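The values are calculated or read from the model by the stated rules, or taken from the named source; none is laboratory data. The shown structure was predicted, so the numbers you read here are calculated from the model rather than taken from an experiment. So basically every Cβ, Gly included, is an ideal-geometry build from the backbone, and we count neighbours across all protein chains shown.
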Amino acid sequence: METKEELILNGNINKAIINLSIPLMINSFIQTLYSLVDGLYLSRLGTVEFAATSLVFPVIWLFLTFAQGVSSASTSIMSQLLGMKKEKECSGYLFQVICFGIFISFVVTLTSQFFTDGLTKFMGAKDDVFTHASNYLKVSFFGYPAIVFSLIVASIMQSEGDTKSITFASVISSLVNLVLDPIFIFEKISILNINGLNLGVIGASLATVISQYIMLLTGIFLLKKNKRKIKVRFKGEKLSLEKIKKIFKIAIPSMVGQSSEAFGFVILNKYISYYGTITLAAYSLVNRTTSILMQPPMGIGMSLPTIIGQNLGAGKLKRVKESFKSAHLISFVISFIGAVIMLIFSKEIIEIFVKKEEAKIIFPEAYEYMLYSIPIMPLMGCFSIFNGFFLGTGHTKYSMIMGIGRLWLIRIPIIILIRTFLVELGQRSTTIWIAMLLSNIFINLWAYIIYRKGNWKKSII
């Protein structure tokens, strides 16, 4: 029977991409369920609660970028070391990553409670939206350590090509979240005829935090249960300046790119808030839908660091290029089909998230955004593939430029220019959708030029 390593290095490329990406697709889909389940339940409380929780998502993402950058760097390094048959060196790098995880978890969890209110106000939240958004955010930060160490556990598994264990941990976590949400949010659970805790927005956040710790514990159990090439060792390991430098040389561009992108979405949400609660709700609604439909392309993008890393480490450049091209084609087709399906069932989708009387008000805004999403979604799929490819090569500066460029150099300036010089158009939310489309077009063109230049072929180890 063909092993995972043989499939990645010598097997059918399409089979390797699908084999690794399907569990990651399921994993991403399940992770999205955290947000989706909260949204579905909170929408029953009202549009304000629904909009408030969506407003603060970029803030959580912003602080996760520190851990994601280091996790991505460790995946890239360990994948290439495995391709070079240097398994023992992985443990030393892993020890440095774990130490960083302990430090960043302590700092962020402790300090988050002091800046949450100010950050929520900065994003443009007012009145009830501010209250709900701030409360949701404060509780969410208590789950930060669980997410950080889940990312570290996932980086070990993904480096080896074991994407199934990551998915299993997410399934368990999601089921816990699904059960706890209605109990924590509502006063009464009608379908079971039992009383709930009636905590509203805070309850949704608390249920998610508990489920995140369940995911971490499940991941640790699976890590110990299965035989691994990469060993987690503390005895005999010590902090290594050389290894730390190498990790952060790869991680810092990724951190800067992702954090800049996350903060860019904070600013973008501020502009969206300018158009009112209806536009914010429509934006949130469509994004929750596209986040589900985009799971296949996202899964393919997340599988690439392992495939690209191991093949690059083994010196198989031709196979690296073939993997990149196959991933792009599969991603583009799936994204386009997903966008068309969303548009066809637009009315039904909107009514899932909001009450029927509110659906009539939100529909025009949401439908217009869905129209723009037909070209936006395939472009987002391409963005994911380019990002996964550059992460796999270890040349994360290109991923950084993509993250910063799409929002700070293209999208936000376009919004400002339209609102300044095309005042009539700038008064309409169409401005946001146009800026999103153009930014995705231009950044993908830039990424393709960088790919063609071939600087990514240089080894990082």
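Filtering I202, I183, I189, I210 for residues that are free of Cβ contacts under 8 Å to residues at least 12 places away in the same chain, over 29 Å from K4 (Cα atoms) and surrounded by fewer than 21 Cβ atoms within 10 Å (Cβ to Cβ) leaves a single hit, I189.
Taken together, the residues in the range 235-290 that are surrounded by fewer than 17 Cβ atoms within 10 Å (Cβ to Cβ) and among the small types (G, A, S) amount to 3. Residues in the range 431-449 that are touching a Lys or Arg at 6+ places or on another chain (Cβ under 8 Å) and small (G, A, S): A435, S439. Look at A154 and say whether it is under 21 Å from the mean Cα position of the chain (by Cα), surrounded by fewer than 24 Cβ atoms within 10 Å (Cβ to Cβ), of a type in the set (A, V, I, L, M, F, W, C) and under 22 Å from L217 (Cα atoms). For A154, the condition - under 21 Å from the mean Cα position of the chain (by Cα), surrounded by fewer than 24 Cβ atoms within 10 Å (Cβ to Cβ), of a type in the set (A, V, I, L, M, F, W, C) and under 22 Å from L217 (Cα atoms) - is not met. Taken over the range 425-457, the criterion of being among the small types (G, A, S) and on the phi < 0 side of the Ramachandran plot is satisfied by G426, S429, A435, S439, A447. Cβ-Cβ distances below 8 Å connect the following pairs, each with a first residue in the range 285-302 that is in contact (Cβ under 8 Å) with a residue 60 or more places away in the chain, a second residue that is outside any helix (DSSP H, G or I) and of a type outside the set (D, E, K, R), and a separation of six or more residues or different chains: L285/V354.
In the range 35-44, is there at least one residue being within 27 Å of I404 (Cα to Cα) and either modelled with pLDDT of 75 or more or among the hydroxyl-bearing types (S, T, Y) (or both)? Yes, that holds for at least one residue. Per the listing L42, L62, the residue uniquely aliphatic (A, V, I, L, M), in a helix (DSSP H, G or I) and over 23 Å from F149 (Cα atoms) is L42.
The residue that is modelled with the lowest pLDDT, counting only those in the range 307-348 that are among the aliphatic types (A, V, I, L, M) and surrounded by fewer than 18 Cβ atoms within 10 Å (Cβ to Cβ), is L343. The condition of being in contact with a Leu (Cβ under 9 Å, 6 or more places away or on another chain), among the polar types (S, T, N, Q) and in a helix (DSSP H, G or I) holds for only one of T208, T218, that being T208. The set of residues in the range 203-235 being within 22 Å of L81 (Cβ to Cβ) and touching a helix residue (DSSP H, G or I) at 6+ places or on another chain (Cβ under 9 Å) consists of G219, L222, L223, N226, R228, K229, I230, K231, V232, R233, F234. If you filter the range 213-234 down to residues that are buried (at least 18 other Cβ atoms within 10 Å of the Cβ) and either β-branched (V, I, T) or touching a strand residue (DSSP E or B) at 6+ places or on another chain (Cβ under 9 Å) (or both), you find that the one that is nearest to L45 (Cα to Cα) is I214. In the range 377-461, counting only helices (runs of 4 or more DSSP H) that sit wholly within it, the ones holding 1 or more residues that are more than 21 Å from the chain's Cα centre (by Cα) and either of a type outside the set (A, V, I, L, M) or surrounded by fewer than 22 Cβ atoms within 10 Å (Cβ to Cβ) (or both) span 412-421, 423-426, 430-453. How about the range 103-122: which of its residues are of a type in the set (A, V, I, L, M) and either in contact with a Phe, Trp or Tyr (Cβ under 8 Å, 6 or more places away or on another chain) or buried (at least 20 other Cβ atoms within 10 Å of the Cβ) (or both)? I104, V108, listed by residue number.
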